[in-house]
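J.: Sharing a structure here in structure tokens format.
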Amino acid sequence: MGWGAAMIWAALTITFYSLTAYGDKYISAKLKCTPEEYTFLVSLMTVFWLVLCLPFTGWRLGMNRSSFLLLACLVVWKVLEFYTTALLLKNSEPYELKAWLGINVILSYGINLWEGKSRFQTGILLLALCLLFGIWLILTDRKGAPGEMKKSIGVCLVYILSKFMYGLQMGRMAQHGNPVSILILVLTAVALIQLPRLSKRKPPAGKEMAGVVLSRLTNAAGLMTEAEAAAANIFFYTLIQPMQLFVLFAACLITGRPMSRRKRAGSILCVAAVLLSSIALF
């Protein structure tokens, strides 16, 4: 497959995932969903669209003791990811979460160093420091009590850990089945776990529910195009996450979201550090 097709798949993935990020913001902040409600809605609607993808992907999932334990871990990490996402998006822009995830790029590099799969690069260390400094500028721009700052950092760290561990164990689970089959099982379990914890308020309906459903359609579409991008060209696949961060940040600037000079400087540092480190590590 040529570079042109690879670029198209990558561009579609960035578009779909960026729309999904704003859909997540809509569910958490606009609909004022609790973490439990957010987790239930996101899981259930994603399963709905993934089931419709089965005719194209097929069902492949082998079950044994190892795969069962991995599935249980994936459920735990996905619940933590959704809970922390719901909490963070109430007061944060979608691109800020992607900036935090840039730390996972550095963590992955550190693990490769430890295992002898990569060589030490001073440039990566400098980019990591720039990323951390950028995140610090964004965090310290917020007004609030010191206790709120510590709570926010704690939630962000759990978010990073959940995403990192989910990705790590999803990679190990790949030998037991295809991503769509695994995700359907994991997200169904996540949704069912939330049922006893849901509030008794009226669920979203009409236009509100349509927004929830469409936000998960773009997520399912992103999963499909991401797989195609990875198969077409690994370089463009590597750039999907940093380019998504750039697109979400640019969208904030274009739509005129309130942003102080301090936060803007920190955001630019994060975007540049994540993009450059991804290219350098490739």
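J.: Give me the distance in nm between label points sitting 7 Å out from Cα along the Cα-to-Cβ direction at GLU115 and PHE133, one decimal.
T.: The answer from the label model is 3.1 nm.
J.: Output the pairs from LYS30/LYS150; LYS90/LYS202; LYS32/LYS207 with a Cα-Cα distance over 23 Å in this structure; if there are none, say none.
T.: Listed pairs above 23 Å: LYS30/LYS150.
J.: When a/c reaches 1.5 or more, the comparison of a/b and b/c decides; with that in mind, is segment 37-76 rounded, prolate or oblate per its Cα gyration tensor?
T.: Judged from the Cα gyration tensor, segment 37-76 comes out oblate (a/c at least 1.5, b/c at or above a/b).
J.: Report the full-extension gain for the segment ALA210 to ILE279: residue separation times 0.36 nm, less the Cα-Cα distance, to one decimal in nm.
T.: On the way: separation 69, 0.36 × 69 = 24.84 nm, distance 3.76 nm.
Full extension from ALA210 to ILE279 adds 21.1 nm.
J.: While we're looking at this one, here's another question. If a/c stays under 1.5 just call it rounded; otherwise compare a/b with b/c (prolate if a/b is bigger, oblate if not). Do that for the chain, with a ≥ b ≥ c from the square roots of the Cα gyration tensor eigenvalues.
T.: rounded
J.: Hey, rough spin-label estimate for ARG262 and SER66, points 7 angstrom out along Cα→Cβ, what's it come to in nanometres?
T.: Between ARG262 and SER66, the simple spin-label model gives 5.0 nm.
J.: Something else about it: Report the relative contact order of the chain, percent, no decimals, based on alpha-carbon pairs under 8 angstrom and at least 6 residues apart.
T.: Relative CO of the chain lands at 44 percent.
J.: Next question. Can you compute the FRET efficiency between LEU195 and LEU107 using 1/(1 + (r/R0)^6), with r the Cβ-Cβ distance and R0 = 51 Å? Round to the nearest 0.05.
T.: Plugging the Cβ-Cβ distance into 1/(1 + (r/R0)^6) gives 0.90.
J.: Working from the pairwise distances between different alpha carbons, so that the mean of 1/r is found and then inverted, what is segment 159-262's Kirkwood radius in Å?
T.: On the way: mean 1/r = 0.0579 Å⁻¹.
Computed over Cα pairs of segment 159-262, the Kirkwood hydrodynamic radius comes out at 17.3 Å.
J.: For LYS202 and LYS30, what is the calculated FRET efficiency with R₀ set at 22 Å and r taken between the beta-carbons, to the nearest 0.05?
T.: Once the sixth-power term is evaluated, E becomes 0.90.
J.: Continuing with this model, one more query. Tally Lys/Arg at +1 and Asp/Glu at -1 over every other residue whose Cβ is under 14 Å from the Cβ of ASN104; what's the total?
T.: Once all neighbours under 14 Å are counted, the net charge is +1.
J.: So for each of 9-21, 153-165, 56-68 I average, over its residues, the number of other beta carbons within 10 Å; can you give me the resulting order with the highest mean first?
T.: 9-21, 153-165, 56-68
J.: Translational diffusion coefficient, Stokes-Einstein: compute it for segment 1-149 using the Kirkwood radius over C-alpha pairs as Rh, at 20 °C and 1.002 mPa s, and state it as an integer in µm² s⁻¹.
T.: 114 µm²/s
Rule-based calculations on the coordinates, nothing more; no lab input. Please read all numbers here as calculations on a predicted model, not as lab measurements. As a convention, Cβ positions derive from the backbone with ideal geometry for all residues, glycine included, and neighbour counts pool all protein chains shown.
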